[in-house]
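Data first, discussion second: the structure below is written as structure tokens.
The values are calculated or read from the model by the stated rules, or taken from the named source; none is laboratory data. All values reported here derive from a predicted model rather than from experimental measurement. When we count neighbours, we look across all protein chains shown, and the Cβ atoms used for this are built from the backbone with ideal geometry, even at glycine. Note: areas computed on protein heavy atoms with side chains; ligands, DNA, RNA excluded. Shrake-Rupley method; radii C 1.70, N 1.55, O 1.52, S 1.80 Å.
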Amino acid sequence: MAEVSLRKLRKTYGPVVAVEGVDLEIAKGELIVLLGPSGCGKSTTLRMVAGLETISDGKLHIGGRDVTALEPKDRDIAMVFQNYALYPHKTIRGNMSFGLKMRGTDTAEITKRVDAAAEMLDITHLLDRKPGQLSGGQMQRVALGRALVRDPAVFLLDEPLSNLDAKLRSRMREEIALLQRRIGKAMLYVTHDQTEAMTLADRIVIMRDGRVQQIGSPLEVYDRP
Ligand code: ADP
Ligand code: ADP
């Protein structure tokens, strides 16, 4: 059974059709990249899966459950944003703990999970700092760590590397690929960067004008006459 299933997903803003008829299944352990030019509907699709945009038409299932009309907090997802979206006044540990705290997870369990995620992402030495004292690459690790501690069924990443310079981008790409193999969760990853798509994706979904134009492995999508 697919971990995530999008069926005929549609989003309109007044007369503007942002997304139309998107069908997609994501398996456990699969990393799907949504790729395409600016304005083709990638973000809107991701945000519908996250519950940050309402779904105009179609169905969304996560873990076999119909979540089409559920709030973000009632979906088994965690999101990583391009701008990191960290709380500036909280420490890194505070940032990584906050979501679990809100959910009522007990303190010992939170500490255990934050320590494990920090170790995996090599940010243990940063846990007492504030976001303003971190580099972009470090902040993105924290953003990944914050998603990781939630242990969601599905990770949603919206252009997570776009704010990093080329060298860091390629390093973080490798780290995300490693992380993905280690945790084996479903991932939906939005980018307009073809290299990112090629190196990370199990399957690439190419979008154009709000629709899926093509779906396939990186080789299937690019190795064509
Ligand atoms: P991408 O992520 O591929 O750049 P988006 O999903 O952001 O594309 O946008 C898809 C289309 O929906 C675009 O035409 C965009 O202008 C439109 N759109 C996105 N958000 C809104 C909004 N809040 N109001 C009106 N139109 C929007
Ligand atoms: P948590 O940190 O546990 O996700 P929040 O109440 O902060 O709890 O977020 C609820 C949902 O809102 C998240 O699952 C995510 O999809 C979304 N979200 C989290 N942080 C942001 C943010 N900075 N901006 C927009 N959406 C967010």
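If Leu31 passes every condition in (1) near ligand 1 (Cβ under 9 Å from one of its atoms); (2) in contact with a helix residue (DSSP H, G or I) (Cβ under 6 Å, 6 or more places away or on another chain) but one, which one does it miss?
It fails just one condition, (1).
Run down Leu148, Leu144, Leu134 and say which single residue is closer than 17 Å to Phe81 by Cα, of a type in the set (A, V, I, L, M) and more than 20 Å from the chain's Cα centre (by Cα).
Step by step, each of Leu148, Leu144, Leu134 is checked, and only Leu134 is closer than 17 Å to Phe81 by Cα, of a type in the set (A, V, I, L, M) and more than 20 Å from the chain's Cα centre (by Cα).
Does Ser43 fit the bill of being under 18 Å from Leu188 (Cβ atoms), open to solvent by 40 Å² or more (accessible area, probe 1.4 Å), modelled with pLDDT of 95 or more and within 16 Å of ligand 1 (Cβ to nearest atom)?
Judged against the criteria, Ser43 is a match.
Listed here are the residues, each with its yes/no results for (1) within 14 Å of ligand 2 (Cβ to nearest atom); (2) out of contact with any strand residue (DSSP E or B) (no Cβ under 7 Å at 6 or more places or on another chain).
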residue: Glu3; (1), (2): no, no
residue: Lys8; (1), (2): no, no
residue: Tyr13; (1), (2): no, yes
residue: Lys42; (1), (2): no, no
residue: Gly51; (1), (2): yes, yes
residue: Leu60; (1), (2): yes, no
residue: Ala78; (1), (2): yes, no
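Within region 176-200, can you find the residues that are under 23 Å from Asn83 (Cβ atoms), open to solvent by 10 Å² or more (accessible area, probe 1.4 Å) and among the small types (Gly, Ala, Ser)?
Of everything in region 176-200, just one residue is under 23 Å from Asn83 (Cβ atoms), open to solvent by 10 Å² or more (accessible area, probe 1.4 Å) and among the small types (Gly, Ala, Ser), namely Ala177.
Asp76 fails exactly one of the following numbered conditions: (1) surrounded by fewer than 22 Cβ atoms within 10 Å (Cβ to Cβ); (2) closer than 18 Å to Val154 by Cβ; (3) in contact with a Ser or Thr (Cβ under 9 Å, 6 or more places away or on another chain). What is the number of that condition?
Of the numbered conditions (1) surrounded by fewer than 22 Cβ atoms within 10 Å (Cβ to Cβ); (2) closer than 18 Å to Val154 by Cβ; (3) in contact with a Ser or Thr (Cβ under 9 Å, 6 or more places away or on another chain), the odd one out for Asp76 is (3).
Any idea which of (1) assigned to a helix (DSSP H, G or I); (2) modelled with pLDDT of 95 or more; (3) of a type in the set (Lys, Arg); (4) within 14 Å of ligand 2 (Cβ to nearest atom) is the one Lys73 doesn't satisfy?
Lys73 satisfies every listed condition except (2).
Look through Ile110, Ile26 and report the one residue that is within 16 Å of ligand 2 (Cβ to nearest atom), among the β-branched types (Val, Ile, Thr) and either more than 18 Å from the chain's Cα centre (by Cα) or open to solvent by less than 70 Å² (accessible area, probe 1.4 Å) (or both).
On the way: Ile26 fails: within 16 Å of ligand 2 (Cβ to nearest atom).
Every option except Ile110 fails the conditions.
Could you please tell me which pairs satisfy a Cβ distance under 7 Å, a separation of 6+ or placement on different chains, a first residue in region 115-129 that is more than 13 Å from Ser97 (Cβ to Cβ), and a second residue that is among the β-branched types (Val, Ile, Thr)?
What qualifies is Ile123/Ile92; Ile123/Val142; Leu126/Ile92; Arg129/Thr91; Arg129/Ile92.
Might you let me know whether region 85-93 holds any residue that is in a helix (DSSP H, G or I), of a type outside the set (A, V, I, L, M), more than 10 Å from ligand 2 (Cβ to nearest atom) and more than 19 Å from the chain's Cα centre (by Cα)?
Scanning region 85-93, I find at least one residue that is in a helix (DSSP H, G or I), of a type outside the set (A, V, I, L, M), more than 10 Å from ligand 2 (Cβ to nearest atom) and more than 19 Å from the chain's Cα centre (by Cα), so the answer is yes.
Quick one: which of Gln82, Gln133 is exposed (fewer than 15 other Cβ atoms within 10 Å of the Cβ) and either of a type outside the set (Asp, Glu) or more than 16 Å from ligand 1 (Cβ to nearest atom) (or both)? Lay out the reasoning, then the answer.
Values: Gln82 fails: exposed (fewer than 15 other Cβ atoms within 10 Å of the Cβ).
None of the other options fit; the residue is Gln133.
Looking at region 63-83, I want the residues that are more than 25 Å from Lys8 (Cβ to Cβ) and have a partner that is polar (S, T, N, Q) and open to solvent by 80 Å² or more (accessible area, probe 1.4 Å) with Cβ atoms under 9 Å, at least 6 apart or on another chain. Which pairs are those?
Qualifying pairs under 9 Å: Gln82/Asn163; Asn83/Asn163.
Of these, Leu148, Leu156, which one is touching a helix residue (DSSP H, G or I) at 6+ places or on another chain (Cβ under 6 Å), open to solvent by 10 Å² or more (accessible area, probe 1.4 Å) and in contact (Cβ under 8 Å) with a residue 24 or more places away in the chain?
Numbers: Leu156 fails: open to solvent by 10 Å² or more (accessible area, probe 1.4 Å).
After ruling out the rest, the residue left standing is Leu148.
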